[in-house]
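J.: The following block contains the structure, expressed as structure tokens.
The values are calculated or read from the model by the stated rules, or taken from the named source; none is laboratory data. Just so it is clear, the structure is predicted and the values come from calculations on it, not from any experiment. Backbone-built Cβ (ideal geometry, glycine too); neighbour counts: all protein chains shown. The area values use the complete protein model at the heavy-atom level, side chains included, leaving out ligands, DNA and RNA. Shrake-Rupley method; radii C 1.70, N 1.55, O 1.52, S 1.80 Å.
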Amino acid sequence: MSFSTAPSSAPSPAAVLPGGRSDLVIVGAGIVGLAHAFEAARRGLTVTVVERDWQPVGASVRNFGHCCITAQRDDLLELAYRSRAGWLEAAKSSGLWAREAGALVVARSATELAVLEELREERGADTVQLRTREEVAGTLGRDADGGDIVGGAFLPDDLRVNPREAAPDLAAWLSIQPGVTVVWGTNVTGVEEGTVHTSRGPVHGDRILVCVGHDLDRLYPTAADEHGIERCRLTMARVTAPDAFRTDAAILTATSMLRYDAFTATPAATRLREEVTGHSPELLDVVANVMFTRLPDGTVLVGDSHFYGRTETPFVDEPTSRLLLAATADVLGAGELHVTERWQGVYASSARGPLLVRDMAPGVRAISVTSGIGMTLSFGLAAATFDESLAATA
Ligand SMILES: Cc1cc2nc3c(=O)[nH]c(=O)nc-3n(C[C@H](O)[C@H](O)[C@H](O)COP(=O)(O)OP(=O)(O)OC[C@H]3O[C@@H](n4cnc5c(N)ncnc54)[C@H](O)[C@@H]3O)c2cc1C
């Protein structure tokens, strides 16, 4: 599978810096920065994106590519639906791979099914579509009896994108749009009103957005401290898929139902936590969310665990990796999965809330998603940012 890189047509950093000026300067070419660049370009603004690396390698390429719409609640649900529309628009414009493939939540006990039934009661039968045991087994490509599967729910509004290519492809497309420049290999060292200071000199913008994800503490340590930002490390692997597993839907399991707000708000979720604590305490010990997604080349992304700390230690814990792989094989009814890659994902996390959106100076705003839902929310956040600035200038 290809791993998209910065386009050869991208200008050399020296051609743009120092001293360039645009309506908007964005720091960070992860999905949050690029979604904002996409929205800005749509609105006819000139944009410069400054990225320290030579291609996106942050959280945005290390995840499942699951836009987890339905499992959000309240304001985040609204933002997620907005984001869904933005993703589809970006896919239409840029050609990036996005599928309205939904998500399948597999239930393997009456309690798991109860969570899904309660969510269906709240959201309606079109948004949370219950599935029989045979239907779930069929989607997973398992034997018709489906082992211990009792049923499940299909969430048709969830989206799938390819995390290896979405941000790189969007960056490549943006960099050939009129008025948009993406500058790679350029570290931002400080930001003040109207000016972004970089390792290659200053660049100027009427407005500046700092979209550096978990590295916010490098530029704004006080804001990061005040929001309690930590780095969450996740164990991930890519495996060769069993032949019969063909769906593009994201596959979620009981531990996913213990993580996402829409599930945890159901009355049955308390029982579910007790049940999982009883039969799989080892999954809770590593704060697992056993889920997986298939990439367009047929391989499957498998994860994940969650370890929290201020610093991301580089070590991938092999027992944790094996635990997640075994749990995935169990859901698929497969033997041992053949691993082709392992990596550690890192994202910004905070117990104080899932978003940091904060004005740091006149015309300078920091935007970090401080929960594992930045792919889901990125385009919604961008739309909200520009609505607000239009309202401010009206
Ligand atoms: C394993 C894993 C699984 C996940 N699964 C999902 C999922 O299924 N669904 C979902 O919605 N979300 C998921 N997430 C979360 C999601 O990936 C993140 O929330 C999102 O990608 C954050 O995007 P970002 O642009 O803020 O950060 P990043 O992608 O990390 O981008 C930040 C960019 O800023 C650049 N940068 C930093 N400092 C500087 C500087 N000083 N100068 C210049 N550039 C700088 C970095 O190099 C980087 O390219 C997952 C995350 C991980 C790690």
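J.: Specify which of the listed residues (E122, E134) is part of a helix (DSSP H, G or I), open to solvent by 60 Å² or more (accessible area, probe 1.4 Å) and in contact (Cβ under 8 Å) with a residue 40 or more places away in the chain. Reasoning before the result, please.
T.: On the way: E134 fails: in contact (Cβ under 8 Å) with a residue 40 or more places away in the chain.
The conditions single out E122.
J.: Can you say whether G353 is at positive phi and open to solvent by 20 Å² or more (accessible area, probe 1.4 Å), as far as the supplied structure shows?
T.: Values: at positive phi: yes; open to solvent by 20 Å² or more (accessible area, probe 1.4 Å): no.
The answer is no for G353.
J.: Next question, about the same structure. Cβ-Cβ distance below 7 Å, separation of 6 or more or different chains: which pairs start in the range 57-79 with a residue that is under 11 Å from L301 (Cβ atoms) and near the ligand (Cβ under 6 Å from one of its atoms) and end on one that is open to solvent by less than 30 Å² (accessible area, probe 1.4 Å) and of a type in the set (D, E, K, R)?
T.: Within 7 Å, the pairs are H66/D158; H66/R160.
J.: Say we look at the range 22-42 and pick out the residues that are more than 6 Å from the ligand (Cβ to nearest atom) and either among the aliphatic types (A, V, I, L, M) or at pLDDT below 95 (or both); which of these is surrounded by the fewest Cβ atoms within 10 Å (Cβ to Cβ)?
T.: Step one: filter the range 22-42 for residues more than 6 Å from the ligand (Cβ to nearest atom), giving 22-26, 34-42.
Going one step further and asking which of them are either among the aliphatic types (A, V, I, L, M) or at pLDDT below 95 (or both), we end up with 24-26, 34-35, 37, 40-41.
Working: L24: 25, V25: 31, I26: 29, L34: 31, A35: 30, A37: 28, A40: 26, A41: 19.
So the residue we want is A41.
J.: Ok, one more. Could you list, in sequence order, all residues of the range 43-56 that are more than 6 Å from the ligand (Cβ to nearest atom) and in contact with a helix residue (DSSP H, G or I) (Cβ under 8 Å, 6 or more places away or on another chain)? Walk me through it before giving the result.
T.: At the first step, the residues of the range 43-56 found to be more than 6 Å from the ligand (Cβ to nearest atom) are 43-49, 54-55.
Across the range 43-56, the qualifying residues are R43, V47, T48, V49, Q55.
J.: Among the residues of the range 261-288, how many are under 18 Å from the mean Cα position of the chain (by Cα), surrounded by 20 or more Cβ atoms within 10 Å (Cβ to Cβ) and touching a residue at least 60 places away in the same chain (Cβ under 8 Å)? Quick ask: steps written out before the conclusion?
T.: Looking only at the range 261-288, we keep the residues that are under 18 Å from the mean Cα position of the chain (by Cα), and these are 261-262, 287-288.
From the residues that got through so far, the ones that are surrounded by 20 or more Cβ atoms within 10 Å (Cβ to Cβ) too are 262, 288.
Subsequent filtering for residues that are touching a residue at least 60 places away in the same chain (Cβ under 8 Å) retains 262.
So the count comes out to 1.
Table: residues versus (1) in contact with a strand residue (DSSP E or B) (Cβ under 8 Å, 6 or more places away or on another chain); (2) not in a strand (DSSP E or B).
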residue	(1), (2)
D143	no, yes
A171	yes, yes
T186	yes, yes
G205	yes, no
H214	yes, yes
R218	no, yes
A223	yes, yes
R231	yes, no
L234	yes, no
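J.: So which residues in the range 56-94 are open to solvent by 50 Å² or more (accessible area, probe 1.4 Å) and in contact with an Asp or Glu (Cβ under 7 Å, 6 or more places away or on another chain)?
T.: Matches in the range 56-94: R73 only.
J.: Are there any pairs, at least 6 apart or on different chains, whose C-beta atoms fall under 8 Å, with the first in the range 343-372 and within 14 Å of the ligand (Cβ to nearest atom) and the second aromatic (F, W, Y) and at pLDDT 95 or above, and if so, which?
T.: Pairs found: S349/Y308; M360/Y220; A366/Y220; V369/Y347; S371/Y347; G372/Y347.
Each row is one residue, and each column tells you yes or no for (1) under 18 Å from S349 (Cβ atoms); (2) of a type in the set (D, E, K, R); (3) open to solvent by 10 Å² or more (accessible area, probe 1.4 Å).
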| site | (1), (2), (3) |
| --- | --- |
| R233 | yes, yes, yes |
| D248 | no, yes, yes |
| S256 | yes, no, no |
| T293 | no, no, no |
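J.: Sticking with this structure for a sec: Which of the residues spanning the range 283-309 are assigned to a loop (DSSP other than H, G, I, E, B) and touching a helix residue (DSSP H, G or I) at 6+ places or on another chain (Cβ under 8 Å)? Explain how you work it out, then say what you get.
T.: Step one: filter the range 283-309 for residues assigned to a loop (DSSP other than H, G, I, E, B), giving 286-290, 295-299, 304-306.
Residues satisfying the conditions are V286, A288, N289, V290, D304, S305.
J.: If you check T385, T313, T370, which single one turns out to be at pLDDT below 95 and under 23 Å from D217 (Cα atoms)? Break it down stepwise before answering.
T.: Numbers: T385 fails: at pLDDT below 95; T370 fails: at pLDDT below 95.
Just one listed residue meets the conditions, T313.
J.: Considering A223, A237, which residue is surrounded by 20 or more Cβ atoms within 10 Å (Cβ to Cβ) and among the small types (G, A, S)? Spell out how you get there, then give the answer.
T.: Working: A223 fails: surrounded by 20 or more Cβ atoms within 10 Å (Cβ to Cβ).
The conditions single out A237.
J.: Determine whether L356 is touching a Leu at 6+ places or on another chain (Cβ under 8 Å) and outside any strand (DSSP E or B). Give the steps one after another, and end with the answer.
T.: Values: touching a Leu at 6+ places or on another chain (Cβ under 8 Å): yes; outside any strand (DSSP E or B): no.
Answer is no for this residue.
J.: I've got another one for you. Could you figure out which of (1) among the hydroxyl-bearing types (S, T, Y); (2) assigned to a loop (DSSP other than H, G, I, E, B); (3) out of contact with any Pro (no Cβ under 8 Å at 6 or more places or on another chain) isn't true of T127?
T.: Looking at each condition in turn, T127 falls short on (3).
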